[in-house]
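To start, the structure under review is shown below, and the notes come after it.
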Amino acid sequence: MTGISDIEKFYELFPEPALAKDLITILEDHRINSRLQAEYPALGEQIAEMNVYMVSKRPFLDELANDKQRAVEIIAQRLTAGRTKEQVPENFLQTLAQALSITRTLSSPDADVHETARVTVELYFLIADNFQEPYLPMNPFSAPLDQSRVNQNIGNFGRAARKISEKLNSEPDKSPLNDDKKDNYTSEDAVRELLRVLFKEKGIKPKDVESRIDALEPNKVKDYLRDLETLIRAENELQSEQDTYLYHEWGSDIKDYRLNWTRIRERILAGGSDEFYLDTIQKHAGVIKSIRREFQMLRPEGLVKLRGQFDGDDIDLDSAVQYFIDKRLRLSPSERNYVRTKKRIRDIAVAFLVDMSGSTGGSTITCEKEALILMSEALEELGDAFAIYGFSGYGRDNVVFYKIKGFDDSYDPRVQRKISAMRNQQTTRIAPAIRHTTTKLRRREEKTKMLILLSDGKPLDQDYYGNYAIEDTRMALKEAQRYGIKSFCITVDRKAAEYLPRMYANSRWVVIDDVVKLPDKITRIYKRFTT
């Protein structure tokens, strides 16, 4: 017996065994890490961070012996960390792209070491064909994480499920026959699946569950498992409920939508006294008079005559004379000999969406209301269709959407009293309110549709803040853009420059540094935006 292993025999099949050995090591590390990151997301984040750090410590390309070695190093860095330490030289780009395409199958759940060997062969000949220099072995990255290390850190799903099932079965089931939860954990497979979901969605390790189970009496195990299942269900999509509206939410952490994740509860805001409206009209009387005059100039004149039409209400005399001249000269006369009269209108629908969260207390909500009154007076003069909505709430299941004026409602004392009654409420979950407003605008027949958002700053709600909330708001505005809805976002947060360019990347936006300026500026913004 020679004592040569199968893997060593595999290397010897190639003209350059060292190249084959390095490739299979790189690819097998990649396959194992891909599975670990998919199966154990919490651990996967740590793996990804470690891999990025390892790549940062790799040699620079100009320190390597030749292009063949550089090609392997570039491929290894990209597969390990999803990036390279330095910019990839142009002469390696095509090889890298082909290599990434070849290795894509290793991320499949069904890929095994045999698939690694097959991909190694394909990648070996790709490199050998493109680079002729003799290959020099590369310094190894690191040994891949193995299952024993995973078991040590988080536990073993199969072993934990088996122990839990044994403990469950050791206690006679005394549940009534009509208990719909009776059969949830009768199989080891069901327990194992529960453990996997707990770790994937909540970061709860199987070894922690196993330790807790060990400390319980057998008759308490099922109740504990039910509590864990409830913990998961609480994070799942919401169920439909009469007179409410469910919307998806963009999860930047999963790079996908969470389906039916937020609930809009639509409310008609009750009106109160019209004192605020009357005070605003008096306070801004001069501004309102000026705005009305400016907006009157924007209003199109009643009718316009379109000449040179194929059909219409009257004969176009100039075209008719030209028709007979062309006919006398034996030219082909035009048939566009009519005038059609068309009514000129501004084909615009605009929805104002107002942040009514707790943070808008004091001067912010006051100036928002004044701005709405000024805009309503102007749009009533101009004739554009408009609606006014407010939003607040608490939690993803309770986003309250206040209807202050619908598109088909008249701007009358009832609406004026509703604007006067607007108050700051609870939290700021902007994205579902944007999505609900988008749904309403999509139903309109006007050619130009606009959404104007008035907010005092960052979205903030229960378990909804920071980058996650900013990205969800950005995506909601992007969705509106896809439906042809223009958006304009006005904020009074002086620190907004830190996050607005990203959050409002799919919208026009402006920061008003002094909330008192809002009523005066909003009409100028609208005029500029619609002409």
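What ranking, highest mean first, results for peptides 480-489, 405-414 when packing means the other Cβ atoms within 10 Å averaged over each residue?
Ranking, from highest mean packing down: 480-489, 405-414.
How much length would be gained if the chain were fully extended between residue 208 and residue 62, taking 0.36 nm per residue of separation minus their Cα-Cα distance, in nm to one decimal? Please report the intermediate quantities before stating the final value.
Numbers: separation 146, 0.36 × 146 = 52.56 nm, distance 4.82 nm.
The span from residue 208 to residue 62 would gain 47.7 nm if fully extended.
Peptides 205-212, 266-273: what's the order by average Cβ count within 10 Å, highest mean first?
In decreasing order of mean packing, 205-212, 266-273 become 205-212, 266-273.
How far apart, in nanometres, would the label points at residue 481 and residue 315 be if each is projected 7 angstrom from Cα along the Cα-to-Cβ direction?
Each label point is offset 7 Å from its Cα along the Cβ direction, giving 5.3 nm.
Could you tell me which of the pairs 405/440; 369/403; 289/440; 405/449; 369/440; 440/521 are separated by over 24 angstrom between their Cα atoms in the structure shown?
289/440; 440/521
How many nm separate the modelled label positions at residue 49 and residue 129, each set 7 Å beyond the Cα in the direction of the Cβ?
Result: 4.2 nm between the two label points.
If we sort 157-170, 370-383, 92-105 on the protection proxy, mean other Cβ atoms within 10 Å, highest first, what's the order?
370-383, 157-170, 92-105
For residue 265 and residue 411 in the same chain, what is the full-extension length gain: residue separation times 0.36 nm, less their Cα-Cα distance, in nm?
Computed gain between residue 265 and residue 411 is 50.2 nm.
Starting from 0.36 nm per residue, how many nanometres of slack lie between residue 460 and residue 517 once their C-alpha separation is accounted for?
Separation in residues times 0.36 nm, less the Cα-Cα distance, equals 18.1 nm.
How far apart, in nm, are two points set 7 Å out from the Cα along the Cα-to-Cβ line at residue 91 and at residue 257?
Going from the residue 91 label point to the residue 257 one covers 4.8 nm.
Can you work out the FRET efficiency for the pair residue 6 and residue 287, with r the C-beta to C-beta distance and R0 = 60 Å, to the nearest 0.05?
0.10
Computed from the coordinates by the stated procedures, all read-outs in this text should not be read as laboratory data. The structure displayed is predicted, hence computed values, not measured ones. Note that we place each Cβ from the backbone using ideal geometry, even for glycine, and neighbour counts take in every protein chain shown.
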